[in-house]
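Reading through the C-alpha cells given below for one structure.
The values are calculated or read from the model by the stated rules, or taken from the named source; none is laboratory data. Given the structure is predicted, the values throughout are model-derived calculations rather than measurements. Cβ sites come from the backbone with ideal geometry, for glycine too, and all protein chains shown count toward neighbours. The protein model used for the area step is the full one, side chains on, heavy atoms only, and it has no ligands, DNA or RNA in it. Shrake-Rupley method; radii C 1.70, N 1.55, O 1.52, S 1.80 Å.
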Amino acid sequence: MSKRPSGGNPEKPGTSPRRRLPAALFVFLGVTSLVILAGGIVLADWWIALPDDIHPQYVGRGKCVECHQSQAHLFEGSHHDLAMDRAADDTVLGDFNDVTFTHHDVVSRLYRDGKRFMINTEGPDGEMHDYEVKYVFGVTPLQQYMVEFDRPEDMPEDEIARLQVLRISWDTLKKKWFYLPPPDVDEKLSPDDDLHWTGIAQRWNNMCADCHSTNLHKNFDAKAGVYHTTFSEIDVSCEACHGPGSNHVKLAEERLLFWDRKQGYGLAELKGDKNEPQVETCARCHSRRRIVHPNYRPGSDYYTCFNNELLMENTYHADGQILDEVYVFGSFLQSKMYHKGIKCSDCHDPHSVKLKHEGNKVCTSCHQHPAAKYDTPAHHRHNTGSTGASCVECHMPETTYMEVDPRRDHSLRVPRPDLSVKFGTPNACTRCHLEPEKLPTEKREQLTQYADWLRAAVGGDKQVQDELDRVDKWAADACLEWYGDKTPKQFHFAEVLAPARDNDPAAEDPLRKLAANREMPAIVRATAVVELGRYSPLVDNIYIEQALRGESTEDRKNAQRMLQNSLQPYQKALDDPDPQVRAAAVAHYEPFIPTSPQPLQQEQLARMIGYLRPLVVDLAPRLDDEARAVRVEAGRVMARLPLEVVGHLLSSEQRDQLQQAIEDFKTGILLDNDRAAAHLTLGILYENMGQDDLAERAYLTGIRVEPRTVGPRGNLAALYDRRAQAADQRARSSAQQGDRDSMQFFAEEMVKNQQAAAQLRAEELELLERDARLAPDIAAVQYRYGLSLYLNGRGAEAEAALRRAWELEPENAQFLSALIAMYQQQERYREAIDLARKLLELEPDYPVYQRWLEELQSQQPVAGPTNP
C-alpha cells in the first residue's frame with residue numbers, strides 16, 4: 001500500500017490534507033455557542049413583555065391563596081375579610097331568637113323563619129312588615145343588617161337590587177341591640193324621610209358598597225329605577241388593594257426568569273421608596289372624597305379618579321382636627337409623618353389590618369431616641385402606665401362615631417390648648433380632664449364624649465362653654481409651666497382659618513399668604529384657596545358687567561383690573577405642585593366666566609373675547625394637567641364659555657382637550673345617577689353649554705330618581721321662566737308683524753311655561769319648608785327657604801327667613817345683600833339704606849357697595865315739609 005501524500009486529500013488526490021483543530025478549541029466554541037444561546041434566551045425572556053393593551057381581569061382570592069398562603073392566613077378573619085357577607089348561621093352575630101327591640105314606640109321583632117333571619121319593623125309606608133335580612137355588614141364593634149327591595153323576578157343571581165341598611169344594629173362587644181341614629185337627629189324619623197332606614201341615606205348601593213366589596217359596579221338603571229349591582233367578591237379582598245390579578249397569575253404560571261419589564265409583577269407596586277402609591281391606594285376608601293372617574297387602579301395616582309374633601313367647616317375644626325367622619329386620609333395629609341414618607345404599613349399589618357405592635361411600641365419602634373426620650377414622664381408628664389402616658393391619647397385623640405365605633409385622628413399633632421383658648425378648637429388635654437360632675441345629672445347623660453361638649457358649646461350652652469373655657473385655660477397654663485420656651489408657639493393655620501370662618505374681613509390677606517405658603521400641607525393651601533371665596537362673592541358679578549358693558553373704556557379697564565386683582569391668588573395656585581390646590585383654584589374661575597344664552601352681537605363678541613382672553617390663558621393649560629381631577633374641573637368651568645368665543649380663544653388641540661374633559665366630567669357625575677344631585681349638576685352643565693333641552697331632561701331625571709330632594713325643581717323652574725320670556729318676546733314680535741297664528745302659539749307657550757314654573761316652585765317650597773323646619777340654625781338652608789318664599793309671593797315670610805339667615809351669619813355679605821335687594825324691590829328704601837350701610841361696614845374698600853348705597857339714597861322719596 002502506498003503512503004498518502006503529505007497534506008493531501010484522500011478523496012481528492014493532489015490537494016492538501018485538512019488541518020485538525022485542537023480539542024480545546026472545540027470545547028471553547030461549544031461553550032461560547034451555549035453561552036450565546038443562553039444569553040439570547042435570557043434576553044428574549046427579559047425582552048418579551050405582555051401586550052401594552054392587555055387589560056387585567058379579576059381572578060378572585062382563590063388564585064392568590066395558591067401561592068400566598070401566609071398572607072391569606074393573616075387576612076382571614078380581618079375587618080377587610082368580614083366587611084360584608086351573606087346572612088348565615090356562621091356570619092350573623094346578632095340575637096334573632098325571637099327578641100324585641102323598642103325605639104320611639106316602634107316595637108321591632110327579630111326572629112328566625114327556618115334558615116332565614118327576619119325582622120318585623122316599620123316600613124316606608126309607616127306600617128309594620130316582615131323583612132328578610134339577606135346580608136351582614138361589618139364585624140366589630142358593631143354589625144349591621146341589610147334588606148333587599150325592588151328585586152325583579154328575572155334578575156340574575158349575581159346581581160343585587162336595592163339594599164337598605166337597618167338602623168337597628170348589634171353591638172358586638174356588649175352583645176345587645178341598639179338603634180343607630182343619624183348624626184344630631186334625636187327625634188323619630190318619618191317613614192318617608194331620606195334618613196329612615198328605607199331612605200336613600202341608608203342605601204347600601206350608593207352609600208357603602210363601593211368600599212366594602214371588591215370590583216363593585218353599582219349599575220343603576222335611572223329609567224327603570226332599579227339597581228343591578230355586581231361585585232367580583234363580596235368583601236374587601238386581595239384585588240381591592242393589589243388590583244386585578246390576571247396578569248400577575250399569567251406571569252407567575254409561565255415561570256419565566258424575569259417578571260415583565262413593563263408591568264413588573266403585574267400588580268400595584270405598593271412597597272417602593274415613595275409612600276404615595278400605598279397611602280393613596282388605601283385612601284381610595286379611607287378618605288372622604290368625590291369620585292372623579294371610575295375604574296381606579298391601585299397604585300395609580302389618587303387624583304386620576306378622586307378628589308378628597310378639604311378642611312371644610314362641617315367636617316374639620318379650624319385647626320384641621322376631625323369633626324365629622326372623614327376616614328383618616330385628610331388627617332394624615334396634614335401630618336409630618338406623611339411628609340417624611342411614612343406609609344400605612346409602617347404601623348398596620350396590611351393583611352390582618354392590625355397594629356404591628358401594642359401600646360406605645362407602635363410609636364417607639366421608630367422613635368428610638370436615646371434613653372426613651374418620649375416614653376417617659378419627663379416628656380408626657382403623666383404617671384407611667386396611665387392613660388396620659390399613652391402616645392395616641394395625646395397625639396391621636398379619638399372620637400366615637402356610629403354610637404360605638406371610636407376613630408383616631410391621624411394628623412398626629414402636638415396638643416395645642418393655646419389654640420383652644422383662642423378659637424375653641426379641641427385639644428387632647430381638655431378631652432381627658434373634663435369634669436362632668438360639675439354639670440347637672442341630666443346634662444351629663446347627654447354629653448357622653450368630648451365631641452358632645454363641643455357641639456353643645458357651639459349650640460349656645462353657656463354652662464358647657466364655661467367649663468370648656470376653664471379646662472382649656474388650665475391646660476394652656478400647664479403646658480406653659482411644663483415646657484416653658486419649648487411650648488409650641490409657631491404659626492398655626494388655625495389662626496387664619498378660624499377668623500375666615502367668622503367672615504372676618506381682615507382674614508383675606510392672611511388667606512392669600514396661606515394659600516401661597518408651600519411649607520404648609522397641600523390640603524391646607526387648597527382649603528385657603530377655597531375659603532378665599534368667602535370674600536366679595538357678589539361684587540365680582542358687578543365688575544364683570546362693568547368690564548363687558550361699561551360706558552367708557554376707562555371704566556371697563558378699571559373693572560378688568562379689579563377682577564385681575566381678585567384672581568391673583570388663584571393664578572398663583574394654578575401652578576401649585578399639588579392637584580388639590582390646582583383643582584381648588586380652577587373652581588374659583590367659574591363665577592368670572594359669564595354665560596350668554598343669547599347670540600352675541602359683533603361689538604359684544606369683541607368685548608367678550610377681550611375680557612375672557614386672560615382667563616382662558618390661565619385655565620387652558622389645566623386642560624392638559626397630569627391629574628384628571630384638575631382636567632375635569634377645568635372642563636366643567638370652561639364649559640361656561642360662549643360657543644362664539646371658543647374658536648377665537650382655544651387652539652384646535654385645546655378644543656379637543658376641553659371636549660374630553662367635559663366628557664370625563666359627565667362620566668364621573670353619572671356614577672351617581674341614582675342621586676338627584678348628579679342630574680342637577682349635569683343640568684347646570686348643559687345650561688352653561690346652551691343645551692337647554694338636555695338640561696331639562698337632566699332636571700326631570702333628578703326629580704324622578706329623588707322626588708323629595710330640593711334643587712332640580714328650582715333650576716327647572718328658572719329654565720321655564722326663560723322660555724316664557726323668550727316666548728313672550730316672540731309673541732310680541734309676531735303681533736307687530738300681524739302674524740296672529742304665531743302670536744297665539746307663542747302666547748300659549750309663554751303661559752304653559754309660566755304655569756310649569758309656578759308648579760315647580762310651589763313643590764320646591766314645600767320641600768324647603770321641611771328642611772328649614774328640621775335645620776333652623778343652618779343659615780344656608782334658611783337663606784334658600786327665604787328666596788323660595790319670595791319667588792312664591794310670600795314676602796313677609798321671606799323677610800323673616802332671610803333675616804334669620806343673616807342673624808345666624810351676620811358677616812355674610814350674600815345674605816345681607818339679599819335682604820337689601822328685597823327691600824329695594826319692595827321700595828322699602830329706608831330699611832334698605834340702613835342695611836346697605838352695614839354692608840359697607842363689612843366691605844369698606846369696595847366702591848360698588850358705596851354706589852349701591854348712593855343709588856338707594858337717590859331712590860328714596862324726599863320727605864315733604866312737616867306740619868307746624
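Would you call Ala832 farther than 21 Å from Gly533 by Cβ, surrounded by fewer than 14 Cβ atoms within 10 Å (Cβ to Cβ) and aliphatic (A, V, I, L, M)? The answer is no for Ala832. Among residues of the stretch 525-554 being open to solvent by 70 Å² or more (accessible area, probe 1.4 Å) and among the β-branched types (Val, Ile, Thr), the one that is modelled with the lowest pLDDT is Ile542.
Asp158 falls short on exactly one of the conditions (1) acidic (Asp, Glu); (2) open to solvent by less than 60 Å² (accessible area, probe 1.4 Å); (3) closer than 27 Å to His242 by Cβ, and that condition is (2). Of the residues making up the stretch 555-579, those that are under 15 Å from Ala528 (Cα atoms) and open to solvent by less than 10 Å² (accessible area, probe 1.4 Å) number 4. Within the stretch 814-829, the only residue that satisfies the criterion of being under 30 Å from the mean Cα position of the chain (by Cα) and surrounded by fewer than 19 Cβ atoms within 10 Å (Cβ to Cβ) is Gln814. Tallying residues that are open to solvent by 50 Å² or more (accessible area, probe 1.4 Å), over 15 Å from Leu774 (Cβ atoms) and under 27 Å from the mean Cα position of the chain (by Cα) within the stretch 173-194 yields 0. A count restricted to the stretch 464-497 and to residues that are aromatic (Phe, Trp, Tyr) and under 35 Å from the mean Cα position of the chain (by Cα) stands at 2.
Among the candidates Ala500, Ala428, Ala515, Ala507, the residue that is open to solvent by less than 20 Å² (accessible area, probe 1.4 Å), farther than 27 Å from Glu393 by Cβ and over 25 Å from the mean Cα position of the chain (by Cα) is uniquely Ala507.
Checking each residue in the stretch 78-105 for being in contact (Cβ under 8 Å) with a residue 60 or more places away in the chain, open to solvent by 30 Å² or more (accessible area, probe 1.4 Å) and either aliphatic (A, V, I, L, M) or in a loop (DSSP other than H, G, I, E, B) (or both) picks out His79, His80, Leu82, Leu93, Asp95, Val99, His104, Asp105. Restricting the stretch 702-737 to residues that are aliphatic (A, V, I, L, M) and open to solvent by 20 Å² or more (accessible area, probe 1.4 Å) leaves a set whose member that is nearest to Arg675 (Cα to Cα) is Val705. When Val139 is tested against (1) open to solvent by less than 30 Å² (accessible area, probe 1.4 Å); (2) in contact with an Asp or Glu (Cβ under 9 Å, 6 or more places away or on another chain), exactly one condition is not met: (1). With respect to (1) modelled with pLDDT under 95; (2) crowded, with 19+ Cβ neighbours inside 10 Å, the lone exception for Glu811 is condition (2). Among the residues making up the stretch 267-281, those that are out of contact with any His (no Cβ under 9 Å at 6 or more places or on another chain) and open to solvent by 40 Å² or more (accessible area, probe 1.4 Å) are Glu269, Lys271, Asp273, Lys274, Glu276. Criterion first (more than 23 Å from Pro599 (Cβ to Cβ) and modelled with pLDDT under 95) does Gly668 satisfy it? So Gly668 does not fit the description; no. Looking at the structure I just gave you, is Gly62 open to solvent by less than 70 Å² (accessible area, probe 1.4 Å), modelled with pLDDT of 70 or more and either small (Gly, Ala, Ser) or in contact with a Pro (Cβ under 6 Å, 6 or more places away or on another chain) (or both)? So Gly62 passes the test. Would you pick out the residues in the stretch 447-462 that are in a helix (DSSP H, G or I) and exposed (fewer than 13 other Cβ atoms within 10 Å of the Cβ)? Scanning the stretch 447-462 gives Val458, Lys462. Which members of the stretch 623-644 meet the condition of being of a type outside the set (Asp, Glu) and either surrounded by fewer than 19 Cβ atoms within 10 Å (Cβ to Cβ) or touching a Pro at 6+ places or on another chain (Cβ under 7 Å) (or both)? Within the stretch 623-644, Ala627, Ala629, Val630, Leu643 qualify. Here the condition is being under 27 Å from Tyr58 (Cβ atoms) and buried (at least 18 other Cβ atoms within 10 Å of the Cβ); of Trp204, Trp170, Trp197, it holds for Trp204 alone. Within the stretch 350-362, residues that are within 18 Å of Leu270 (Cα to Cα) sit with their Cβ atoms under 7 Å from residues that are surrounded by 13 or more Cβ atoms within 10 Å (Cβ to Cβ) and charged (D, E, K, R), at 6+ positions apart or across chains, in these pairs: Lys356/Asp349. Scanning the stretch 759-802 for residues that are surrounded by fewer than 19 Cβ atoms within 10 Å (Cβ to Cβ), closer than 24 Å to Val458 by Cβ and at pLDDT 95 or above yields a single hit, Ala800. Among the residues of the stretch 224-258, those that are charged (D, E, K, R) and modelled with pLDDT of 95 or more comprise Glu233, Asp235, Glu239. Counting only helices (runs of 4 or more DSSP H) that sit wholly inside the stretch 621-707, those with at least 2 residues that are touching a Phe, Trp or Tyr at 6+ places or on another chain (Cβ under 7 Å) are 628-638, 676-688, 692-705.
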